[in-house]
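Participant: Just passing along the structure, written as structure tokens.
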Amino acid sequence: MALGGFFGRLKQGLSRSTQKFSDGLTTVFKKRRLDDAALHELEELLISADLGTAVAARVIDNFRRTRFGAEVTDEEIRTQLSTEIAKILDPVAQPLVIDRTLKPHVVLVVGVNGNGKTTTIGKLAQTYVESGLRPMMVAADTFRAAAVEQLQIWGERTRAPVIAGPPGTDAAGLAFDALARARTEAADVLLIDTAGRLHNKSVLMEELRKIIRVMQKQDPAVPHSVLLVLDATTGQNAIQQVRVFKEMVAVTGLVVTKLDGSARGGIVVALAEEFGLPVHAVGVGEQAGDLRPFNALDYARGLVGADGGTPAAGD
Amino acid sequence: MFESLSAKLSGTFDRLRGRGALTEADVTEALREVRLALLDADVALPVVRDFTAKVRERALGTEVLDSVSPGQQVVKIVHDVMIEQLGGAGAVPLNLQAAAPIPFLMVGLQGSGKTTTAGKLALRFRERLRRRVLLASLDTQRPAAQLQLAQLAVQAGVSSLPIVAGQTPVEIARRAMDTGRREGFDIVILDTAGRLSINEALMEEVRAIRAETSPVETLLVVDAMTGQDAVNTAKAFNDALGVTGIVLTRMDGDMRGGAALSMRSVTGAPIKLTGSGEKIDALEDFHPERVAGRILGMGDIVGLVEKASETIDEAEAEKLARKMAKGAFDLEDYASQLKQITKMGSLSSILGMLPGIGKMKQQIEDANLDKTMIRRQVAIIGSMTPKERRAPDIIKASRKKRIASGSGTSVQEVNKLLKTYDDMATMMKRMNKLGQKGLMRHGLGALMPKGMGRPGRPF
């Protein structure tokens, strides 16, 4: 993977998404005393990046303690702010490590409707194929029209096998059979796509638990990872989403999608504070190569529009 | 983490209550809370500013200062402004004033629910208006998107444009309109690929589609759980295309839905429909007053009633209502009510629809109350004799022991149930006193026996 292209695209994605934020920052802080009014405006800028009122207030409080009254330039503020935010994000920046000895490492992918689960699975399969692993995908979204076909097309693109049943197949049974097959064929990774479901639909959440329960009859250790896919445009409801999915299916990590848009994905900062769940990757486009590792400082710099958001040297 | 909007607002207005007239300082203080609450409900910052400015202007007028109960007046002003900003009372119908085939264009971000909404819309036109509908997918980006719409068309009982591989979206749009004219369709729904508002090439493409087809409605489909970005997306799509209506999807979630206010304010385009489920008939007219209540945490009474009437056995409910009116509410009725509740879905989602219950909902959630608990209570009642159910007063120590072992619970749990039942019966009496109007005005809070907020009790 070409590093230039890699960070270029991530930065492009993130900076596009934060241009407005940076513009705001520039107007607020060009050669200015960091007084109450300035801090208030800075707080509002964080809020409009979806950090939420509570987290924004805390970040600003830290600023008030250390920097109040200082004459600051735009650039200083960006750097300090991104450092501050990176401190929160750093502990959660952990890649998803596939254990090759498990054969298969079972990854259950969950989330609300339309947040990019299938696309993320396609991208993950591509990543694994490229790194010499043998992934297998299961189309356990047997509810949505053409969800199976969508995953099958990803199968053709990545040349990874896709296990599917006829429409309306019981998702848990399908996952069970797929696990058996993946074990027989000693696949490295088993990626299970599930139907999107709102976290407040208890019946649908029970179905998800059933998939896990049924698979555990074969191997009590599965799934080894449960990925919650989260749309970066989501507002404060993401907190409730993560809370409920975590409770119901023991989510082990997050993937944040659609960061190439105008949404700033600040909710990730609030989620990191609240749950400390690892953020494994970010999605910055619809193509197979558009899944990136989550880098705390990069993300934070992107969020506040700081220069030098290309940590090529350190990565 | 975040207090619910209703909790915040009731906190603020509790402080306002019990004072005489409102001072400017009171209003400022209240509006600070309103601002925070709106932001936590995902209303976008610029929209919040406008909103609080409007409320301030009105609150500082004589309306509030001269009123007897300032707190309630402010609640009303906030609510009124909210409804106005959401587009006034009532639903705005879809525009069908054009020669057939009438083109509808669906646009929005990826995953906002365009394709599903297109299918729902087709069903609605076919069923309610008896129109012949043609569905056409212009989504050549996402794998199997065209197939998805074709499958939805089958579910909705309408036609879909045959898929021709390799055509560009504009070519498909042209073919859809030609087919619509030639085969005498009344309405052609054009579903487009999800696109980011900042993707110039794709925005140009959808502009070309619009120019080609001159849709009578350009519907922006947006996810109700969208955060602050709602303003950027709405503005970009509106600037590029001239949005004529908004469809809010996933309203069956538990988000406050502040995006509705943001979208409406930025585009000026009415919110015309809401999607509230995955089933193909889960499409409803938008009612500003209901969504206002939801954003403000005042509860969606109408929604609750509708949901209840779908699931609750009417004869059963009527029988219960008559008994309640007479004050003759026994454990038999309590059990049947508990069973009805389990049918309606998770308890907290129902509670979310009730007014004045925000705080209690949190406590109930903390207490981890769920259907298991309801089932246990039903089991306890099931282990009683008919006589005991009709006259719970006769249940003393040895009966309690028998009931507990019969239902696999403990005497403590039996006691708790009996206490809950007592509270319920008290509540029924209060309800009768208040009457229907009183319930709407005061919310459930008025019904709560003292200490009702204590965890572990269902009502």
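The values are calculated or read from the model by the stated rules, or taken from the named source; none is laboratory data. The structure displayed is predicted, hence computed values, not measured ones. All Cβ positions, even for glycine, are placed from backbone atoms using ideal geometry, and neighbour counts span all protein chains on display. Accessible surface is based on the protein model in full, side chains and every heavy atom, while ligands, DNA and RNA are left aside. Shrake-Rupley method; radii C 1.70, N 1.55, O 1.52, S 1.80 Å.
Participant: Would you check which residues across the stretch B:123-134 are part of a helix (DSSP H, G or I), more than 14 Å from every other protein chain (Cβ to nearest Cβ) and open to solvent by 10 Å² or more (accessible area, probe 1.4 Å) and list them?
Facilitator: At the first step, the residues of the stretch B:123-134 found to be part of a helix (DSSP H, G or I) are B:123-129.
Narrowing further to those that are more than 14 Å from every other protein chain (Cβ to nearest Cβ): B:124-129.
Matches in the stretch B:123-134: B:ARG124, B:ARG126, B:GLU127, B:ARG128, B:LEU129.
Participant: To continue, here is another question. Quick check on this structure: which one of B:MET373, B:MET428, B:MET440 is closer than 26 Å to B:GLY293 by Cβ, part of a helix (DSSP H, G or I) and modelled with pLDDT of 60 or more? Quick ask: steps written out before the conclusion?
Facilitator: Working: B:MET373 fails: closer than 26 Å to B:GLY293 by Cβ; B:MET440 fails: modelled with pLDDT of 60 or more.
Answer to the selection: B:MET428.
Participant: Turning to a different aspect of this structure: Looking at B:ALA236, B:ALA260, which one is within 14 Å of chain A (Cβ to nearest Cβ), touching a strand residue (DSSP E or B) at 6+ places or on another chain (Cβ under 9 Å) and not in a strand (DSSP E or B)? If you could, list the steps in order and put the result at the bottom.
Facilitator: Details: B:ALA236 fails: touching a strand residue (DSSP E or B) at 6+ places or on another chain (Cβ under 9 Å).
Exactly one residue qualifies, and that residue is B:ALA260.
Participant: Here is a list: B:GLU204, B:GLU212, B:GLU183. Which entry is charged (D, E, K, R), without any contact (Cβ under 8 Å) to a residue 12 or more places away in the chain and open to solvent by 20 Å² or more (accessible area, probe 1.4 Å)? Before you say what the answer is, go through the steps one by one.
Facilitator: Details: B:GLU212 fails: without any contact (Cβ under 8 Å) to a residue 12 or more places away in the chain; B:GLU183 fails: without any contact (Cβ under 8 Å) to a residue 12 or more places away in the chain.
Sole residue among the options that is charged (D, E, K, R), without any contact (Cβ under 8 Å) to a residue 12 or more places away in the chain and open to solvent by 20 Å² or more (accessible area, probe 1.4 Å): B:GLU204.
Participant: Here is a further query. Would you kindly identify the helices (runs of 4 or more DSSP H) lying entirely within the stretch A:50-141 that contain at least 3 residues that are touching a residue at least 40 places away in the same chain (Cβ under 8 Å), more than 25 Å from A:VAL242 (Cα to Cα) and of a type outside the set (Ser, Thr, Tyr)?
Facilitator: Filter on the stretch A:50-141 gives A:74-89.
Participant: Hey, B:LYS120 hits all of (1) in a helix (DSSP H, G or I); (2) within 27 Å of B:ALA201 (Cβ to Cβ) but one; which does it fall short on?
Facilitator: (2) is the only condition that B:LYS120 fails.
Participant: Being modelled with pLDDT under 85 and either at positive phi or assigned to a loop (DSSP other than H, G, I, E, B) (or both) is the filter here; which residues of the stretch B:279-303 pass it?
Facilitator: If the condition is that a residue be modelled with pLDDT under 85 and either at positive phi or assigned to a loop (DSSP other than H, G, I, E, B) (or both), then B:LEU296, B:GLY297, B:MET298, B:GLY299, B:ASP300 are the ones that fit.
Participant: Of (1) more than 24 Å from the chain's Cα centre (by Cα); (2) closer than 30 Å to A:GLY289 by Cβ, A:GLY69 satisfies all except one. Which?
Facilitator: Looking at each condition in turn, A:GLY69 falls short on (2).
Participant: Where residues in the stretch B:266-282 are over 14 Å from B:GLU217 (Cβ atoms) and in contact (Cβ under 8 Å) with a residue 40 or more places away in the chain, which of them is surrounded by the fewest Cβ atoms within 10 Å (Cβ to Cβ)? Give the steps one after another, and end with the answer.
Facilitator: Here is the first cut: in the stretch B:266-282, the residues over 14 Å from B:GLU217 (Cβ atoms) are B:266, B:268, B:274-282.
Filter again for in contact (Cβ under 8 Å) with a residue 40 or more places away in the chain, leaving B:266, B:274-275, B:278, B:280-282.
Values: B:VAL266: 21, B:THR274: 25, B:GLY275: 23, B:GLU278: 20, B:ILE280: 17, B:ASP281: 12, B:ALA282: 17.
For the stretch B:266-282, the residue satisfying everything is B:ASP281.
Participant: Now for a different question. Go through the stretch A:161-170 residue by residue and tally those that are in a loop (DSSP other than H, G, I, E, B) and crowded, with 20+ Cβ neighbours inside 10 Å. Let's see the steps before the verdict.
Facilitator: Restricting attention to the stretch A:161-170, the residues satisfying the condition of being in a loop (DSSP other than H, G, I, E, B) are A:161, A:164-170.
Checking which are crowded, with 20+ Cβ neighbours inside 10 Å leaves us with A:164.
The number of residues fulfilling the criteria is 1.
Participant: Within the stretch B:161-179, restricting attention to residues that are small (Gly, Ala, Ser) and surrounded by 22 or more Cβ atoms within 10 Å (Cβ to Cβ), which residue is farthest from the other protein chains (Cβ to nearest Cβ)? Can you show your working first?
Facilitator: First, pick out the residues of the stretch B:161-179 that are small (Gly, Ala, Ser): B:165-166, B:173, B:176.
Within this subset, residues satisfying the condition of being surrounded by 22 or more Cβ atoms within 10 Å (Cβ to Cβ) are B:173, B:176.
Details: B:ALA173: 20, B:ALA176: 19 Å.
Step by step, filter the stretch B:161-179, then rank; the result is B:ALA173.
Participant: For the subset of the stretch B:211-233 comprising residues that are charged (D, E, K, R) and under 17 Å from A:ASN115 (Cβ atoms), which member is farthest from the other protein chains (Cβ to nearest Cβ)? Spell out how you get there, then give the answer.
Facilitator: Within the stretch B:211-233, the subset charged (D, E, K, R) is B:212, B:217, B:223, B:229.
The next check asks that each one be under 17 Å from A:ASN115 (Cβ atoms); those that pass are B:223, B:229.
On the way: B:ASP223: 7, B:ASP229: 4 Å.
If we take residues in the stretch B:211-233 being charged (D, E, K, R) and under 17 Å from A:ASN115 (Cβ atoms), then B:ASP223 is farthest from the other protein chains (Cβ to nearest Cβ).
Participant: Separate question: Which members of the stretch B:239-254 meet the condition of being within 20 Å of the chain's Cα centre (by Cα) and away from chain A (no Cβ under 14 Å)?
Facilitator: Here is the first cut: in the stretch B:239-254, the residues within 20 Å of the chain's Cα centre (by Cα) are B:245-254.
Result: B:GLY245, B:ILE246.
This table checks each residue for (1) within 11 Å of chain B (Cβ to nearest Cβ); (2) of a type in the set (Val, Ile, Thr).
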residue	(1), (2)
A:LYS123	no, no
A:GLY132	no, no
A:MET137	no, no
A:VAL148	yes, yes
A:LEU151	yes, no
A:ARG159	no, no
A:VAL162	no, yes
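Participant: Go through (1) touching a Ser or Thr at 6+ places or on another chain (Cβ under 6 Å); (2) more than 24 Å from B:LEU196 (Cβ to Cβ) for A:GLU41 and report which single condition fails.
Facilitator: The single condition A:GLU41 does not satisfy is (1).
Participant: Additional query: Just for the stretch A:171-195: of the residues that are of a type in the set (Asp, Glu) and free of Cβ contacts under 8 Å to residues at least 60 places away in the same chain, which one is surrounded by the fewest Cβ atoms within 10 Å (Cβ to Cβ)? Don't jump to the end; show me each part of the working.
Facilitator: Step one: of the stretch A:171-195, the residues of a type in the set (Asp, Glu) are A:177, A:185, A:188, A:193.
Retained after the next criterion (residues that are free of Cβ contacts under 8 Å to residues at least 60 places away in the same chain): A:177, A:185.
Values: A:ASP177: 15, A:GLU185: 12.
Per the criteria, the residue is A:GLU185.
Participant: Still on this structure, please answer the following. Can you report the number of residues in the stretch A:279-302 which are more than 23 Å from A:SER48 (Cα to Cα), in a loop (DSSP other than H, G, I, E, B) and more than 14 Å from chain B (Cβ to nearest Cβ)?
Facilitator: Selection size over the stretch A:279-302: 1.
Participant: Let me ask something else. Quick one: B:ALA193 ticks every box in (1) open to solvent by less than 10 Å² (accessible area, probe 1.4 Å); (2) of a type in the set (Gly, Ala, Ser); (3) in contact with a strand residue (DSSP E or B) (Cβ under 8 Å, 6 or more places away or on another chain) except a single one, so which number is it?
Facilitator: (3)
Participant: Let me ask you something else. Does B:ALA208 fit the bill of being within 14 Å of another protein chain (Cβ to nearest Cβ) and touching a helix residue (DSSP H, G or I) at 6+ places or on another chain (Cβ under 9 Å)?
Facilitator: Values: within 14 Å of another protein chain (Cβ to nearest Cβ): no; touching a helix residue (DSSP H, G or I) at 6+ places or on another chain (Cβ under 9 Å): yes.
No, not satisfied.
Participant: Consider B:VAL158 against the criteria (1) of a type outside the set (Gly, Ala, Ser); (2) facing chain A (nearest Cβ under 10 Å); (3) open to solvent by 10 Å² or more (accessible area, probe 1.4 Å): it satisfies all of them except one. Which criterion is unmet?
Facilitator: Condition not satisfied by B:VAL158: (2).
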